[in-house]
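Peer 1: I have a structure I would like to understand better, so I am pasting it below and will then ask my questions one at a time.
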Amino acid sequence: MEEEWLKVFDDTRRQIGVATRKEVHEKGLWHETFHCWIVSEEEVPVIYLQKRSPRKKDYPNLLDITAAGHLLSTENVKDGVREMEEEIGINVTIEDLTYLGILHYEMINGNLLDKEFAHTYLYKKTINEEAFLLQEEEVVGIVSATIDDFYALWNGTKETIEVRGFELNDKGEREEIQRVVDKADFAPHPLSYYVILIELLQENIS
């Protein structure tokens, strides 16, 4: 597999060069990512979450951002929209999304040091389960929670919330799921990430 090259930055977001993805995570170099959270347009909005593949090296089987990925050294921010179709089969343009801004944060997982400038977007759209076409090596399920429950989990007023949706079994077949989750079921973005994210979502969801 060809090595991915990423732009790297100092902590003021000034580009200082490029490095391989492996080097970026070994040395804890700041780099850019694309994040998109999909929230339905229903009267009671839900937020869609991906379930990461068990084959993922980092954070396998955990719930995470609806679609996200690294921006390559040859890409600009708008190119990140490709992650939507690649990971979950939803074809959109950057003009369909609402830009929420850059959320910067650090995550540590063993020897993986992840320092991200995350260009974060919102896509307001009600999507039927059948429309999600998953890139199985990356994503094995899509679930949703009410946006109010999502807020409550991360602001600490609820310890657990209910999610429902589908995941792929070992044969690649869809199975309906409904279960109770807590913060430990999510990829370990720092709490500060969720606090800022919730503020931005509240400002942009009527």
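Peer 1: Work out the length of the dipole vector of region 7-82 about its Cα centre, built from +1 on the beta-carbon of each Lys and Arg and -1 on the beta-carbon of each Asp and Glu, and round it to the nearest 20 debye. Provide the component values of the computation, followed by the final result.
Peer 2: Numbers: 13 positive and 12 negative charges, 96 e Å.
Magnitude of the dipole: close to 460 debye.
Peer 1: Spelling out what I want: for every residue of region 114-123, take phi, set θ = phi - 60°, compute 6.51 cos²θ - 1.76 cosθ + 1.60 (Karplus), and round to whole Hz; glycine and proline get x.
Peer 2: Once θ is set to phi - 60°, the couplings for region 114-123 become 10, 10, 10, 9, 9, 6, 10, 10, 10, 10 Hz.
Peer 1: Project the alpha carbons of the chain onto their principal axes and report the range along each, largest first, in whole Å.
Peer 2: 45, 41, 35
Peer 1: Using only Cα atoms, find the angle between the long axis of helix 191-204 and the longest principal axis of the chain, and express it within 0 to 90 degrees, rounded to the nearest 10.
Peer 2: On a 0 to 90 degree scale, this one is about 60.
Peer 1: Hey, what number do you get for the chain at 222 nm if only DSSP H runs of n ≥ 4 count, each worth -39500 (n - 2.57), divided across all residues, to the nearest 500? Mind showing how you got there, number by number?
Peer 2: On the way: 4 runs with 37 residues, N = 206.
Computed ellipticity for the chain at 222 nm equals -5000 deg cm²/dmol.
Peer 1: If a paramagnetic tag sat 7 Å from the Cα of residue 26 along the Cα-Cβ line, which residues of region 103-141 would have the backbone N under 13 Å from that point?
Peer 2: 111-113
Peer 1: Just want the answer: with Cβ charges of +1 for Lys and Arg and -1 for Asp and Glu, which residue in 81, 19, 134 is farthest toward the dipole's positive end in the chain?
Peer 2: 19
Peer 1: A further question on this structure: Tell me, 107, 84 in order of fewest to most beta-carbon neighbours within 10 Å?
Peer 2: Numbers: 107 18, 84 25.
With the fewest neighbours first, 107, 84 line up as 107, 84.
Peer 1: Answer rounded, prolate or oblate for region 103-158, using the Cα gyration tensor with square roots of eigenvalues a ≥ b ≥ c: rounded when a/c is under 1.5, else prolate when a/b is larger than b/c, else oblate. Write out the running numbers ahead of the final one.
Peer 2: Working: a/c = 1.82, a/b = 1.22, b/c = 1.49.
The shape class here is oblate.
Peer 1: If you put +1 on each Lys and Arg Cβ and -1 on each Asp and Glu Cβ, how big is the dipole of region 86-206 around its Cα centre, in Debye rounded to 20?
Peer 2: Numbers: 9 positive and 25 negative charges, 76 e Å.
Taking the Cα centre of region 86-206 as origin, the dipole is about 360 debye.
Peer 1: Also: Once you have a ≥ b ≥ c as the square roots of the Cα gyration tensor eigenvalues for region 116-206, tell me rounded if a/c is under 1.5, and otherwise prolate or oblate according to whether a/b is larger than b/c.
Peer 2: Working: a/c = 1.71, a/b = 1.50, b/c = 1.14.
Prolate, since a/c reaches 1.5 and a/b exceeds b/c.
Peer 1: Let me ask something else. Take a quick pass over the chain and tell me how many lysine pairs come in under 19 angstrom between Cα atoms, counting only ones 8 or more apart or on separate chains.
Peer 2: The result is 16.
Peer 1: A further question on this structure: So what are the ³J(HN,Hα) numbers for region 47-62, from phi and the Karplus equation (6.51, -1.76, 1.60; θ = phi - 60°), rounded to whole Hz, Gly and Pro as x?
Peer 2: Once θ is set to phi - 60°, the couplings for region 47-62 become 10, 8, 10, 8, 9, 5, 5, x, 8, 5, 5, 10, 6, x, 6, 9 Hz.
Peer 1: If you don't mind, another one. Using packing as a proxy for protection, rank 70-76, 48-54, 31-37, 153-159 so that the peptide with the highest average count of other Cβ atoms within 10 Å comes first. Could the numbers behind the result be given before it?
Peer 2: On the way: 70-76: 16.0, 48-54: 21.3, 31-37: 24.0, 153-159: 13.4.
Ranking the peptides 70-76, 48-54, 31-37, 153-159 by packing returns 31-37, 48-54, 70-76, 153-159.
Peer 1: Okay, moving on. Would you work out which of 67, 94, 104 lies farthest towards the positive end of the dipole of region 1-108? Charges go on Cβ: Lys and Arg +1, Asp and Glu -1.
Peer 2: The residue sitting farthest along the positive end of the dipole is 104.
Peer 1: Let me ask something else about it. With the Cα gyration tensor of region 73-167 giving a ≥ b ≥ c as the square roots of its eigenvalues, does the rule (a/c under 1.5 for rounded; else a/b larger than b/c for prolate; else oblate) give rounded, prolate or oblate?
Peer 2: Numbers: a/c = 1.42, a/b = 1.09, b/c = 1.31.
Judged from the Cα gyration tensor, region 73-167 comes out rounded (a/c under 1.5).
Peer 1: Please get the size of the charge dipole for the chain, origin at its Cα centre, with Cβ charges of +1 on Lys and Arg and -1 on Asp and Glu, quoted in debye to the nearest 20. All intermediate terms of the calculation are to be shown ahead of the outcome.
Peer 2: On the way: 22 positive and 42 negative charges, 102 e Å.
That gives the chain a dipole magnitude of about 500 debye.
Every number here is computed from the coordinates shown, using simple stated rules; none is lab data. Note that the structure is predicted; figures quoted are calculated from it, not measured. Glycine gets a Cβ as well: all are built from the backbone with ideal geometry, and neighbour counts include every protein chain shown.
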